[in-house]
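Chemist: Before I ask anything, let me first share the structure, which is written out below as structure tokens.
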Amino acid sequence: MPTETQMARALDAPGVVQMTIRGVKKPLEELSPSEVATWLEEQGLGHLAPSFKHHKIRGKYLVTLSGNDLKDMGIELVGDQKAIMDELSQLKRAVVRVLRDQILWTGREQLFDNCCQKAMGTCCGLCPTPPDQYTLTNQALKITNVEVFRCCNGLCRCSCLGVDQSVNNIDLNYVKDVDFMRNSGCCIDRGVIRVESDLGSDSRHAEMKINGADAAEVVTLIKNAVEDAKMRREKGRAFGQP
């Protein structure tokens, strides 16, 4: 299960979870206490609305409410607690889906180490090469690899003669190690990030080549995302979730 901080982070993106109040859609995090009360009425829980309104429960607070919070609000009947927690669980699942899919970083491959290599690899700029694309979310690192037809003994990449794409989705729960190496050459500064995944009996490696000045920051982003993903997984297991 996500922490309160992670829930709040998901709600920071405007409109990510939409609520329908009297036929009008509105972002969950923007609901006022009065609108939360209206939502409860529409769920058949109108008798609990005064308590939520009195305690100034806004939309962004709904996903962090606990059973103890409900008791503090004066909701003592077990049936009422169960009913409201069922509704809140649905909201939390929606927020979790948003949290997992949130894009933390996007980047593109820096193809060449130096200007000479770039000139040779693109036929002096006549055949620009499409780079690999990278996307980091809270759940996975997506690497879209681009394979380009090569000529002249593999020295020149001729994208005009054919391009193949493949996608490698790396589940952050299985990432074992992330490190990088920075190479500074003629006209170009490139960082090579290596990601190692441990799948039990199988260990896999992936590589990203980006602007050298950004490499350290991107590695930190990936490591933080890996830590958060594993924390959510452990909390989910503690609550009996897969």
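Any read-out appearing in this document is the output of simple, stated calculations on the displayed coordinates, not a laboratory observation. Small disclaimer: the values here were computed from a predicted structure and weren't measured. Note that each Cβ is placed from the backbone with ideal geometry, even for glycine, and that neighbours are counted across all protein chains shown.
Chemist: Using Cβ contacts closer than 10 Å as the measure, can you line up Val98, Val78 from fewest to most? Mind showing how you got there, number by number?
Modeler: Working: Val98 18, Val78 9.
Ascending number of Cβ neighbours within 10 Å: Val78, Val98.
Chemist: Mind checking which aspartates and glutamates have their Cα closer than 12 Å to the Cα of Lys223? Skip sequence neighbours fewer than 8 apart in that chain.
Modeler: Candidates past the 8-residue exclusion: Asp177, Asp179, Glu196.
Chemist: OK, next. Below 17 Å, Cα to Cα, which lysines can Lys53 reach? Residues fewer than 8 away in the same chain don't count.
Modeler: Lys71
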